[in-house]
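**Q** This structure is in structure tokens; I'll ask about it shortly.
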Amino acid sequence: MKMNEIFEKLEEMQQELINFTIEMNRIKAVNPAFGGEGEEKRAEWLEGKLKEICDEVHRYDTVDENGLKRPNLIGIIYGENRERTIWFIGHMDTVPEGDLELWNHDPYDPILKDGKIYGRGTLDDGQAIVSSYFAAKAILSSGYRPKYNIGLAYVADEEAGSRYGAAFLMDKGIFKQNDLVVVPDSGNEDGSFIEIAEKSAAWLKITTIGKQTHASIPHTGINAHKAGMKFALAVDEFLHRKYDARDETFEPPESTFEITKKEKNVDNINTIPGTDIIYFDFRVLPQYNIDDVISDVKEIANEYEDKERVKINVDIVQKSQAAPPTDVNSEIVQKLIKAIKELRGIEARPGGVGGGTVAAFFRRMGVPAVVWMTADEVEHQPNEFCRIKNCIEDAKVFIYLAMN
Ligand SMILES: [Zn+2]
């Protein structure tokens, strides 16, 4: 009965939830690693919101390599039993909007249409913040207390590796071994997928240096763009062939090796580029060592330096070896499966994905963590949106977890 009462209260809050989502996402918080302003303004706004409902609010700020303040917010709502905390971890930073031409609306002035709120960051990871915040608020507004403490951790820097976010918080004594951790930062359309394992990941910057010249006399220079492409395709081919294991618990089941960003080279068509810069994004099944993959890339680089008479620099922008997976039989996984079964009548399936989330930091610490939300896969895309229905229904699952 308690639960239905809380669910009703939550549904009454729908308009407030919509306003919250729109207001929060209007405050830009693009990760500075991608040229953004960072999380500070959004954090100030959110801190005010946390103070309205939490028994304790703490800020853990740090300063990044460019002198920018990087805030982290911790809100605690006391439970009947204060020995343990169920954590909901959301990140405040977003990726940039990308090509504005592809958006139907201003990405930083969110609009509501057909039950969806469109805007950069509304889903990733705005939905996590909104659904966890309103789960807690609905419990309190109904006059109840959660079974254990609810911890709301809204962190910085997830999109660029979490150095100033989750990684920074890990040694502060905030999280305890027997706490429960939910990271609503990826999921599928009906909420039937629970992420308990991640792949290792690496981002590499490849700089190929040749010799610039006029395009009509190529023999007087060395085409860095052409050499860079040949090298990239050789890497692509080699890695897919060598690291070809499949593990069906992962989606997708194989390691991925993608050539992604390309930096602008010359301004005019009749110049042969002397420098060429591209990037790789690798997501590798946990059974492989990410350092072996990187050594292979360096070896192929040596080979192509000789073959193409260029210099190839391989720089590691970011790398992480996969954390040990969360045990399927751990309390949080089993509780979440039960919640989804009771509230939605579906059997949720635990498995692995390629995207790194903050769950890895908890898993390395020996704290079982699940990544779960209900979401269309529109993260990082133009016209990103969150469904109001998903915010509400996910909040119900969080209420279930906190009350049982
Ligand atoms: Zn995210």
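The values are calculated or read from the model by the stated rules, or taken from the named source; none is laboratory data. These numbers were taken from a predicted model, which means no experiment stands behind them. Note that we place each Cβ from the backbone using ideal geometry, even for glycine, and neighbour counts take in every protein chain shown. Calculation scope for accessible area: heavy atoms of the full protein, side chains included, ligands and nucleic acids excluded. Shrake-Rupley method; radii C 1.70, N 1.55, O 1.52, S 1.80 Å.
**Q** Pairs Lys199/Lys242; Lys176/Lys338; Lys205/Lys264: which exceed 19 Å Cα-Cα?
**A** Lys176/Lys338
**Q** Within the accessible area of region 200-320, what % is carbon and sulfur when the probe is 1.4 Å and the other protein chains stay in place?
**A** On region 200-320, the fraction of accessible area on carbon and sulfur atoms equals 51 percent.
**Q** How many percent of DSSP beta bridges within the chain run antiparallel, rounded to 5?
**A** 65 percent
**Q** I'd like the orientation of helix 2-12 relative to the chain: the angle between its Cα long axis and the longest Cα principal axis, in ° from 0 to 90, rounded to 10.
**A** 60 degrees
**Q** What GluC sites (Glu not before Pro) does region 330-369 have in DSSP loop regions with at most 15 other beta carbons within 10 Å?
**A** Answer by residue number: Glu347.
**Q** Provide the per-residue ³J(HN,Hα) series for region 261-271, in order, calculated from phi with Karplus coefficients 6.51, -1.76, 1.60 and θ = phi - 60°, each as a whole number of Hz, with x at glycine and proline positions.
**A** Working through the residues one at a time gives 5, 10, 7, 4, 10, 7, 7, 10, 5, 8, 10 Hz.
**Q** What length, rounded to one decimal in nm, is gained on full extension from Lys172 through to Lys211, with 0.36 nm per residue of separation minus their alpha-carbon distance?
**A** Extending this stretch completely gives an extra 9.0 nm.
**Q** Work out how much length Ile269 to Glu12 would gain on full extension: take 0.36 nm times their residue separation and subtract the Cα-Cα distance, in nm to one decimal.
**A** Length gained between Ile269 and Glu12: 86.5 nm.
**Q** If the cut-off is 26 Å between C-alpha atoms, which lysines fall inside it for Lys116, apart from same-chain ones fewer than 8 positions away?
**A** Straight-distance partners of Lys116: Lys9, Lys28, Lys41, Lys49, Lys137, Lys341, Lys389, Lys396.
**Q** For region 114-196, which whole percent of the accessible surface, found with a 1.4 angstrom probe, sits on carbon and sulfur atoms?
**A** Carbon and sulfur: 45 percent of the exposed surface of region 114-196.
**Q** Can you give the helix-only mean residue ellipticity at 222 nm for the chain, where every DSSP H stretch with n ≥ 4 adds -39500 (n - 2.57) and the sum goes over all residues, rounded to the nearest 500 deg cm²/dmol?
**A** The helix contribution divided over the chain gives -10500 deg cm²/dmol.
**Q** For a quick check: with amide H placed at 1.01 Å from N, whose amide H comes under 5 Å from Leu180's, ignoring anything fewer than 5 positions away on the same chain?
**A** It is Thr85, Ile86, Trp87, by chain and number.
**Q** With the other protein chains left in place, how much accessible area per residue, in square angstrom, belongs to region 200-320 at a 1.4 angstrom probe?
**A** Here the residues of region 200-320 average 54 Å² of exposed surface.
**Q** If you don't mind, another one. Apply the Karplus parameterisation 6.51 cos²θ - 1.76 cosθ + 1.60, with θ equal to phi minus 60°, to every residue of region 106-121 and state each ³J(HN,Hα) to the nearest whole Hz, in sequence, with x for glycine and proline.
**A** So the Karplus estimates, Gly and Pro as x, are 4, x, 10, 9, x, 10, 9, 8, 6, x, 10, 10, 8, x, 5, x Hz.
**Q** What list of ³J(HN,Hα) couplings, whole Hz, do you get for region 165-171 from phi and the Karplus terms 6.51, -1.76, 1.60, once you set θ to phi - 60° and write x for glycine and proline?
**A** x, 3, 4, 5, 7, 4, 9
**Q** Using a 1.4 Å probe on the protein chains only, how many percent of the accessible area of region 1-49 belongs to carbon and sulfur?
**A** Result for region 1-49: 46 percent of the exposed heavy-atom area is carbon or sulfur.
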